[in-house]
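Heads up: the structure comes next, in structure tokens.
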Amino acid sequence: MDLALDVRDLGKTFGGVKALDGLSFGIARGEVMGLIGPNGSGKSTTVNTLAGVFPATSGEIRLRGKPVHHLPEYARVQAGLTRTFQTASVFPEFTVREQVLLGAEPARTRRGVWSMLRSGARMEPELRGRLDEILQLTGLADLADTRIEEVSAADQRFLMIATALAADPAVILLDEPAAGMVSHERDRLSHLILALGARGHAVLVIEHHMSLIMKVCDRITVLNFGEKIAEGTPREIRSDQRVVDAYLGEAA
């Protein structure tokens with residue numbers, strides 16, 4: 001399998017606490033993988049370690065075959081790994097298009113993005129075309145020139161995905177993208193995630209909404225106490241007794 005993201009024996013400790021212990025999984029180009037587990041299972045630590053917020057204590061992270069676990073966060077973005085956050089991370093005074101333009105900086109545009117915004121210089125046709133395509137894909141085209149502070153909370157979450165796409169990533173980490181969304185917004189999100197996979201992006205989805213996970217994911221990895229306890233298709237995960245026990249243990 002041609003893996004876009006290859007995680008090998010990943011470990012992360014905080015003091016004497018093992019937050020991640022020998023975690024291994026891979027995501028192929030065009031594949032959508034879910035990462036689930038009870039509260040405190042290590043999902044957020046996994047995302048932050050993959051993205052470079054936390055340095056890995058042990059193991060390897062390979063992006064398109066090249067090790068990136070030694071790189072800082074910005075360099076991983078430049079290498080092709082982007083992410084969203086559990087809470088919207090946006091500039092409220094910017095327009096939707098300007099926010100997405102910021103995400104294009106790692107793609108090495110010929111003119112610096114910040115200087116373009118400051119000077120009001122015209123955008124290169126190729127860049128404008130790419131941003132228009134992303135805005136259309138994420139359902140934000142009609143809001144392109146709207147200030148973000150006037151945009152709904154759900155659309156701000158779609159905006160984070162659009163900004164992550166602007167860097168033309170090989171791998172996108174979606175950290176609880178459905179948080180705060182109602183049913184029809186989650187349906188829209190499901191269609192978008194499936195579209196990302198169809199475009200060839202490798203997608204890792206960390207989410208509590210199990211119906212969304214079961215709908216969009218090709219495979220699912222399950223964590224408990226920092227260890228992988230199961231991996232398989234949605235159908236296999238549904239009937240895995242280890243997964244049932246982990247979630248029932250949390251509920252008890």
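The values are calculated or read from the model by the stated rules, or taken from the named source; none is laboratory data. Predicted model, so just to flag it, every value in this text is computed and none were measured. Glycine gets a Cβ as well: all are built from the backbone with ideal geometry, and neighbour counts include every protein chain shown.
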Output for region 133-166, where each listed residue is assigned to a helix (DSSP H, G or I) and exposed (fewer than 14 other Cβ atoms within 10 Å of the Cβ): Glu133, Gln136, Asp142, Glu149, Glu150, Ala153
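Looking at the structure I just gave you, is Glu185 modelled with pLDDT of 95 or more, outside any helix (DSSP H, G or I), of a type in the set (D, E, K, R) and in the same structural domain as Asn39 (by TED's automatic domain parsing)?
The answer is no for Glu185.
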Select from region 227-252 the residues that are at pLDDT 95 or above and assigned to a loop (DSSP other than H, G, I, E, B) and list them in ascending order. Thr233
With Gly30, Gly40, Gly34, Gly26 as the choices, which residue is at pLDDT 95 or above and on the phi > 0 side of the Ramachandran plot? Gly30
Selection status of Thr221, in contact (Cβ under 8 Å) with a residue 24 or more places away in the chain, under 18 Å from Ala28 (Cβ atoms) and polar (S, T, N, Q): yes
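Could we say that Val68 is in contact with a Cys (Cβ under 9 Å, 6 or more places away or on another chain), at pLDDT 95 or above and not hydroxyl-bearing (Ser, Thr, Tyr) here?
no
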What are the residues in region 47-67 that are of a type in the set (A, V, I, L, M), surrounded by fewer than 22 Cβ atoms within 10 Å (Cβ to Cβ) and in contact with a Lys or Arg (Cβ under 7 Å, 6 or more places away or on another chain), if any? Ala51, Ala56
Index of the failed condition, Glu105 passing every other in (1) under 20 Å from Val171 (Cα atoms); (2) modelled with pLDDT of 75 or more: (2)
Complete set of residues in region 30-46 that are touching a His at 6+ places or on another chain (Cβ under 8 Å) and farther than 17 Å from Ile213 by Cα: none
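Confirm whether Ile161 is of a type in the set (Val, Ile, Thr), closer than 20 Å to Thr87 by Cβ and not assigned by TED's automatic domain parsing to the domain that holds Ser41.
Working: of a type in the set (Val, Ile, Thr): yes; closer than 20 Å to Thr87 by Cβ: yes; not assigned by TED's automatic domain parsing to the domain that holds Ser41: yes.
Against the criterion (of a type in the set (Val, Ile, Thr), closer than 20 Å to Thr87 by Cβ and not assigned by TED's automatic domain parsing to the domain that holds Ser41), Ile161 qualifies.
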From the options Gln86, Gln78, residue that is within 17 Å of Leu174 (Cα to Cα) and either touching a residue at least 24 places away in the same chain (Cβ under 8 Å) or in a loop (DSSP other than H, G, I, E, B) (or both): Gln86
Is it the case that region 52-63 has a residue that's touching a helix residue (DSSP H, G or I) at 6+ places or on another chain (Cβ under 9 Å), under 25 Å from Gly232 (Cβ atoms) and in a helix (DSSP H, G or I)? no
